[in-house]
Amino acid sequence: MSLTSANPASSNDAVSGIPVVDVGPFIRNEAGAAAVVKTIETACRDTGFFLVTGHGVSPEVTSRLYNLARAFFDYPQDWKKTRGRGAGVMGGVAFSPIAEEALAATLGIKTPGDYKESLNFGENLPGDTWPDRPDGLEQAFRDYFKEMETLAKHMRRIFCQAIGLDQDYFEPSFENHLSALRVINYPEQEESPLPGQMRAGVHTDYGFMTILRSEASAGGLQVRNRNGDWLDAPSIEGAYVINIADAFMRWTNDEWVSTPHRVANPPTGFKGTARRQSIPFFLNPSKDTVIECLAPFVKGGAKYEPITYGDYIDLKTKQAFSKG
């Protein structure tokens, strides 16, 4: 699908059932902004997933991060495993080796560790000293992080308008936010995965929303719809996949959907390259932000007791990295 064909009401239903929305009119305050809001509101209620074009994210900044992270992942495993393993540097880097994380555990499903490795960074998150190679890796992360902060603010304002809140309603919750930028390498699978092992097990994301730069590959992102069917998320050059996450679903009293998703293994016997690299930005509020039902969604009563985001994320993270 051509990017130029995407418009505020366009979708790719025949392929995926996941809408593609040009958010440019909203960002520029042009005619069509209201249609952008309406299309995204419908997507948030129906699937919790949609793609955006017209977002204004720098392709140069994106490519630089992609290429430098790939260069890091190409280094030997023995060297990589000595990097990013500490937690003494605020705004440092964290490296997670292959099979260390099992995302399905957050839904109570026991599986082998996911067949992926990742580099992780957040301006307000602990990590380790940045590696001295490849040169420019830290700056590439920081530059892309800022691009994501800008897009995330546009999206928060779209959400506020859809809900009927003041457009800056959420902004105090994102001062000193705990957002995380991750680059994930899904290597070639040169041997069969263990029983139940996937590139990324079925899970929902924890925070407010996720903004994903994905790429086409054999073995890619799949989204489970309300009927329980697994849909292949389309990969459109230059577009971003956005999904609602658990904390925001809780804020909306479960009216907006945090949808289970996974990254599938390449098909058995696939002969081409199946290596995949994705760049998710997990937008998370500050530690002390209280997650409680927003007034427009209270209606018959709130389903959940208020909880701070810090307490909520601690629980989810412990589940994901549990060895039990």
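The values are calculated or read from the model by the stated rules, or taken from the named source; none is laboratory data. Computed from a prediction, not measured in an experiment: that's the story for all the values here. Positions of Cβ are generated from backbone atoms using ideal geometry, with glycine treated the same way; all protein chains shown enter the neighbour counts. Surface areas here come from the heavy atoms of the whole protein model, side chains and all, with no ligands, DNA or RNA. Shrake-Rupley method; radii C 1.70, N 1.55, O 1.52, S 1.80 Å.
Per-structure values
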{"item": "Per-region count, segment 13-72, residues of a type outside the set (Asp, Glu) and farther than 30 Å from ASP135 by Cβ", "result": "37"}
{"item": "Count - residues of segment 173-192 that are farther than 22 Å from PHE121 by Cα and touching a Pro at 6+ places or on another chain (Cβ under 9 Å)", "result": "2"}
{"item": "Extreme residue, nearest to the chain's Cα centre (by Cα), among residues of segment 111-141 that are of a type outside the set (Asp, Glu) and surrounded by fewer than 16 Cβ atoms within 10 Å (Cβ to Cβ)", "result": "ASN124"}
{"item": "Qualifying residue in segment 164-179 (condition: aliphatic (A, V, I, L, M), within 21 Å of the chain's Cα centre (by Cα), under 25 Å from GLN277 (Cα atoms) and modelled with pLDDT of 95 or more)", "result": "yes"}
{"item": "Where a residue in segment 174-191 is without any contact (Cβ under 8 Å) to a residue 60 or more places away in the chain and its partner, wherever it lies, is assigned to a helix (DSSP H, G or I) and open to solvent by less than 40 Å² (accessible area, probe 1.4 Å), with Cβ under 6 Å and at least six apart", "result": "none"}
{"item": "Criterion: under 22 Å from GLY207 (Cβ atoms), open to solvent by 20 Å² or more (accessible area, probe 1.4 Å) and either among the polar types (S, T, N, Q) or modelled with pLDDT under 95 (or both) - qualifying residue of ALA87, ALA14", "result": "ALA87"}
{"item": "Failed condition for PRO193, given (1) in a loop (DSSP other than H, G, I, E, B); (2) at pLDDT 95 or above", "result": "(2)"}
